[in-house]
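*Asks:* A single structure is presented below for examination.
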Amino acid sequence: MNKLTAFLGSDFTYRFRKDKVAVVSFCIVVFLVLSAVFAPLIAPYDPYDLKSIDIMDSELPPSWNEDEGDERFLLGTDPQGRDMLSTILYGMRISLMIGFFAVLLQALIGVSIGLLSGYVGGRVDAFFMRLADIQLSLSTLMVAIITLAVFQAAFGAALYSELAIFMLVLVIGIAEWPQYARTVRASVLAEKHKEYVDAARVIGMSRSRIMLRHILPNTLSPVLVISTIQVANAIISEAALSFLGLGMPVNKPSLGSLISSGFEFIFSGSWWITVIPSIVLILLILSINMLGDWLRDVLNPKLYKD
Amino acid sequence: MTENTKTPLVEIENVEMRFGGGGGFLSSPQPVVKALNDVSLTIEKGDAFCLVGESGCGKSTLARTVIGLNPPSAGQIKYNGNRIDNLNSRDRQPFTKKMQMIFQNPYASLNPRMTVYQTLEEPLKIHYPAMSRAEIRSKVEEVMLSVGNDPTWGERYPHEFSGGQRQRISIARALMLDPEFIVADEPISALDVSIQAQVLNVMMDAQKERNLTYLFITHDLSVVEHFGSRVAVMYLGRVCELSHTNDLFKTPRHPYTQALLSAIPKIDGSGVNPVKMSGEVPTAMDLPSGCVFHTRCPYAKERCSREIPALQDNGDTKTACFAVEEGRV
Amino acid sequence: MALLDVKDLEVEFPLGRKTLKALHGISFSLNKGERIGIVGESGAGKSVAAFSILNLLSKPGRISAGEVIFENQDISKLNRDQMRHIRGNRISMIFQDPMMTLNPVLTIGTQMTECLKAHRAISKEEARQISISKLRDVMIPSPENRMDSYPHELSGGMRQRVVIAIALLTDPSIIVADEPTTALDVTIQAEIMALMLELCANNNVGLILITHDLAVVSQVTERIIVMYAGRIVEEGQTQDVITNPKHPYTRGLIKALPQENSPGARLNQIRGSMPALDAIPAGCSFNPRCDFADEQCHKDIPQLTGPKTHTAACIHIDRIPAFQSTGGLT
């Protein structure tokens, strides 16, 4: 309780409350994340339950359309007759899940490599940083497209659609570790020459313990900042891959595959299938990025000393 | 100091330290910096041995070499007669308990993410894993009190303390393992005048109570005069004068020591009248030939730019200077 | 009439919810060609005082009251353009870090001539000649060649000399020097201090020297102002303040110097530390650290009292015994 009151009274909270953009973005992110997490409770239909879908309901416009709208479907339906609202909620769940786990993987790989490179230095450092350079010279999407396309061709679409979510996490996670590795390495290089690290060595502490107990905790604020931006990036990558047909299958759509699936109907007037998920995606990404920007400003030691 | 038993505790023998150079797998070579050149010193038990010099003279490098943060490029370091510079970290453990260090910058020497208590218990946890929580707690409290800190500070983080308080916490950390020998690298130069006195007092009290031996690095000669029992003056990686503190202040012999002493501003307003030194200060990257001081020395002769003077005994002090040897100073 | 007259200057820093007061109304004056020193520890407000005189306070900081009268006008109210004619022209500034003044990508010569031409209508050649002569004044060897050097090619001491030369370029009437030698080695510090003393005296330039080092101040200045927690606690002729300090804080500072204590003995120390800006105690801000403090000190804020040549802000100034230097050496 004491810690909570201290946190609420801290400068961090104060600066947060003062910044309207941050508050609004935070509210939007929390709202979207909560509605994604509790999608099964909130959504009026279960889009994965094939029994509840009636093909006769396909391509119904949102309910506010007086001519063709149907009260049952607030945001209309998609070409398979699924309720758009439910599908978007479930899709967002998948998008956020992929984003979150991909970033977790990126951070795990990147932070470990960055920590090792920065602290050990020498050949280990040279090796990993050149590896990072090579990785960065290939765009994430290119790597992902090649890997996923090869996988799809080799194992068939059926197996692929089953494993799609893992594959996406794996591919996006592995493709972007250099971001973390470089950031962490830079802070490790700055931290390891500080006297508290020398002090730990003088005490006789082992290298691994110094890395984990002293250096790692002091490199985490930049990691936190890039994580927000990386989550947004991962969601975008997933959406792009899905849009290209290499992401989530149509029967388990993410926001990206929803947008993609509606795209062929956009000229027949069914705009909502593409536009509404796009708006949700944009809102999500924008809010996460705004929050990340704010966090960067607050945690920047040049602007704010603790 | 008073009980000069004359047993050598730390022996520094012909230590050299070079940085840079090389260049290896996918990295380019760097210019070589000769930070220490053939430094030999003996620190006796109970000494408050001061190492003085200006920035870039290698005094901090020597301190870090002695404590084992940088292994020397050549030469040996002995502690109680045992060679320690080539030990791996496990064999070194018994010595790390005995040798501790206090750092210059109280704002950087404490981990900002650890509470004071966590910082202080850490050395005990590493060296005495069997110690119970209660024992650790009472030891931390005892040491905190001995350096004049309030033991209730334990739960707080370093940023809540002033520079002087942090430096006392640093001293407490160094004392946790009951060391015999403490290297203090400019421990007061980042502090305000009124706080410097507090910290120096804590260090002197600790020396009396615990029979400590200090290697004290500083650029401030007035502190040396107050604190030190013996003093070595360094210039560009070499020792140029080695003497008892009293003798050094009474009769400085080496031209550089004289210049250094004349440059200390005195509070009585006796006016600025430093010994004029000519020329630019060379860097350790580009050392002058012969005596490293000859480019600025008012007594320099042709011989000084050719030969390197060795430390010579003249009674109580040792100097490395041809002009002193030849009786020209 | 004093050249510079600072009256009841107050500076505050609005930070989040709180507004921190860095200066609580300080007043002092500087006569033509006079050298004064402002001494204090970190947090005393000495640098803020210097920066506010030149309207150089960093962003949230602002002058909330008081005036700075220079040549009969209040320069604290001037706008940026008007201030440009004063700052760097009539009043120059020397910072602790020479690289605050020097631009790393321009040669020394370019920087000096540009600076001169900004304030004077003179030709390039004239500007060059003046610059070289100023570099010669600060004893830079072969100044003609140095004009083409970049700042990074010079040593720390040389850079600070160049900065002094730049400060003298426009023949200012005041130089404000903020810890000009703190980053330098003792031998270099002594040379630079001797140089500044000589140049100010020869050119009749007023000097405001800001430093934490009483010894440096005692050698260069004629008058000393001692600051503590945003207030002036003692002011007087240098000799008087050094040999007979009145305020308990000044006394503590002098007695804490190693040279004032016999070797090997415990040093006289002031207990505690300078309060943070948001935790300045009520009454006399020095009271928690003072041996003479009583109840009155916790209530009343002392004013500077005493003869014009030597004032101190202490309620118990008459009760405190005469100062005795414990002087170890000297």
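The values are calculated or read from the model by the stated rules, or taken from the named source; none is laboratory data. What you see is a predicted model; the values in this text were computed from it and never measured. For neighbour counting, all protein chains shown are included, and Cβ atoms are generated from backbone atoms with ideal geometry for every residue, glycine included. Remember, those area values only see protein heavy atoms, side chains included, never the ligands or the DNA or RNA. Shrake-Rupley method; radii C 1.70, N 1.55, O 1.52, S 1.80 Å.
*Asks:* Need the per-residue list for region B:109-135: every residue with at least 40 Å² less accessible surface in the complex of protein chains than in the chain by itself, probe 1.4 Å, sorted by number.
*Replies:* B:N111, B:R113, B:E122, B:I126
*Asks:* Tell me whether region C:140-192 comes out rounded, prolate or oblate; compute the Cα gyration tensor, take square roots of the eigenvalues as a ≥ b ≥ c, and use a/c under 1.5 as the rounded threshold. Spell out each step's value before the answer.
*Replies:* Details: a/c = 2.04, a/b = 1.08, b/c = 1.89.
The shape class here is oblate.
*Asks:* Continuing with the same structure: At 1.4 Å probe size, with no ligands or nucleic acids counted, give the accessible surface of C:L3 in Å², nearest ten.
*Replies:* Approximately 20 Å² of C:L3 is accessible to the 1.4 Å probe.
*Asks:* Near the amide H of C:R35, under 5 Å away, which other amide H atoms are found, from residues 5 or more places off or on another chain, if H is placed in the peptide plane?
*Replies:* C:L207, C:E222, C:R223
*Asks:* Quick check: pseudo-label points 7 Å beyond the Cα along Cα→Cβ at B:R303 and C:L106, how many nm apart are they?
*Replies:* It works out to 5.1 nm between the two label points.
*Asks:* Going from most exposed to least, what order do B:E135, C:E12 have by accessible area with a 1.4 Å probe? Working shown, then result.
*Replies:* Numbers: B:E135 95, C:E12 35 Å².
Of B:E135, C:E12, the descending order of accessible area is B:E135, C:E12.
*Asks:* Mind checking how much accessible area A and B bury in total, 1.4 Å probe, in Å² rounded to 100?
*Replies:* Answer for the A-B pair: about 2100 Å² buried.
*Asks:* If the viscosity is 1.002 mPa s and the temperature 20 °C, what translational diffusion coefficient in µm²/s does Stokes-Einstein give for region B:125-270 when Rh comes from Kirkwood over Cα pairs?
*Replies:* Details: Rh = 17.4 Å.
Roughly 123 µm²/s, to the nearest whole number.
*Asks:* Okay, next question. Need one value for B:225-234: mean number of C-beta atoms belonging to other chains within 10 Å of its residues' C-beta atoms. Could the numbers behind the result be given before it?
*Replies:* Numbers: counts 7, 12, 4, 2, 2, 0, 0, 0, 0, 0.
Average per residue, whole number: 3.
*Asks:* Mind checking the angle between helix B:89-98 and chain B's longest principal axis? C-alpha axes, 0 to 90 degrees, to the nearest 10.
*Replies:* Tilt relative to chain B: about 90 degrees.
*Asks:* Follow-up. Cα axis of helix C:124-137 to longest principal axis of chain C: angle in degrees, 0 to 90, nearest 10?
*Replies:* Between helix and principal axis, roughly 40 degrees.
*Asks:* Any idea of B:H219's accessible area? Nearest 10 Å², probe 1.4 Å.
*Replies:* About 80 Å², rounded to the nearest 10.
*Asks:* Under a point spin-label approximation (7 Å from Cα along Cα-to-Cβ), what is the C:M99-A:T147 distance to one decimal in nm?
*Replies:* Between C:M99 and A:T147, the label points sit 4.1 nm apart.
*Asks:* Further, regarding this structure: Which of the residues in region C:213-248 lose at least 10 Å² of accessible area when you go from the chain alone to all protein chains together (probe 1.4 Å)?
*Replies:* C:A215, C:S218, C:Q219, C:Q239, C:I242
*Asks:* Determine the dipole magnitude for chain B: charges of +1 sit on the beta-carbon of Lys and Arg, -1 on that of Asp and Glu, nothing else is charged, the reference point is the Cα centre, and the result goes in debye to the nearest 20.
*Replies:* Numbers: 35 positive and 38 negative charges, 98 e Å.
The dipole of chain B has a size of about 480 debye.
*Asks:* Next question. Please report the accessible area of A:W271 (heavy atoms, 1.4 Å probe, ligands and nucleic acids excluded) in Å², nearest 10.
*Replies:* 100 Å²
*Asks:* Heavy atoms only, probe 1.4 angstrom, no DNA, RNA or ligands counted: give me B:I67, C:I122 ranked by accessible area, highest first. Numbers along the way, then the final one.
*Replies:* On the way: B:I67 10, C:I122 45 Å².
Most to least solvent-accessible, the answer reads C:I122, B:I67.
*Asks:* Could you provide, to the nearest whole Å², the per residue accessible area of the protein assembly as shown with probe 1.4 Å?
*Replies:* Details: 42790 Å² over 965 residues.
Spelled out: the 1.4 Å probe surface of the protein assembly as shown, per residue, equals 44 Å².
*Asks:* Sort region C:219-282 into rounded, prolate or oblate with this rule: let a ≥ b ≥ c be the square roots of the eigenvalues of the Cα gyration tensor; rounded if a/c is under 1.5, and if a/c is not under 1.5, prolate when a/b is larger than b/c, oblate otherwise. Mind dumping the intermediate values first?
*Replies:* Working: a/c = 2.55, a/b = 1.12, b/c = 2.27.
Oblate is the answer for region C:219-282, as a/c is 1.5 or above yet b/c matches or exceeds a/b.
*Asks:* Other chains' Cβ within 10 Å of B:158-165 residues: what's the mean?
*Replies:* Taking all residues of B:158-165 together, the mean is 3.
*Asks:* With a 1.4 Å probe, what is the total accessible area buried between chains B and C, in Å² rounded to the nearest 100? Write down the numbers at each step before the final one.
*Replies:* Working: alone 16240 and 15820 Å², together 28500 Å².
Roughly 3600 Å² of accessible surface disappears when B and C pair.
*Asks:* Further, regarding this structure: First obtain the Kirkwood hydrodynamic radius of the protein assembly as shown from its Cα pairs, then insert it into the Stokes-Einstein equation at 37 °C and 0.692 mPa s, and state the resulting D in µm² per second as a whole number. Mind showing how you got there, number by number?
*Replies:* Details: Rh = 32.8 Å.
It comes out at roughly 100 µm²/s.
*Asks:* How would you classify region C:246-330 from its alpha-carbon gyration tensor, with a ≥ b ≥ c the square roots of the eigenvalues: rounded for a/c under 1.5, else prolate if a/b is greater than b/c, otherwise oblate? Before the final figure, lay out the partial values.
*Replies:* Details: a/c = 2.33, a/b = 1.44, b/c = 1.61.
Oblate, since a/c reaches 1.5 and b/c is not below a/b.
*Asks:* Given only helices, namely DSSP H runs of n ≥ 4 each adding -39500 (n - 2.57), what is the per-residue ellipticity at 222 nm of chain B, to the nearest 500 deg cm²/dmol?
*Replies:* When only DSSP H runs of four or more count, the value is -9000 deg cm²/dmol.
*Asks:* Where the only charges are on Cβ atoms (+1 Lys, Arg; -1 Asp, Glu), what is the dipole of region C:276-323 about its Cα centre, to the nearest 20 debye? Before the final figure, lay out the partial values.
*Replies:* Values: 4 positive and 6 negative charges, 37 e Å.
For region C:276-323, the charge dipole is close to 180 debye.
*Asks:* Moving to a separate point now. Probe radius 1.4 Å, ligands and nucleic acids left out: which of C:K32, C:K59, A:K194 has the largest accessible area, and how do the rest follow? Could the numbers behind the result be given before it?
*Replies:* Details: C:K32 130, C:K59 180, A:K194 80 Å².
Accessible-area ranking of C:K32, C:K59, A:K194, largest first: C:K59, C:K32, A:K194.
*Asks:* May I pose another question? Helix-only estimate, please: 222 nm mean residue ellipticity of chain A, summing -39500 (n - 2.57) across DSSP H runs of length 4 or more and dividing by its residues, to the nearest 500.
*Replies:* Result for chain A, helices only: -23500 deg cm²/dmol.
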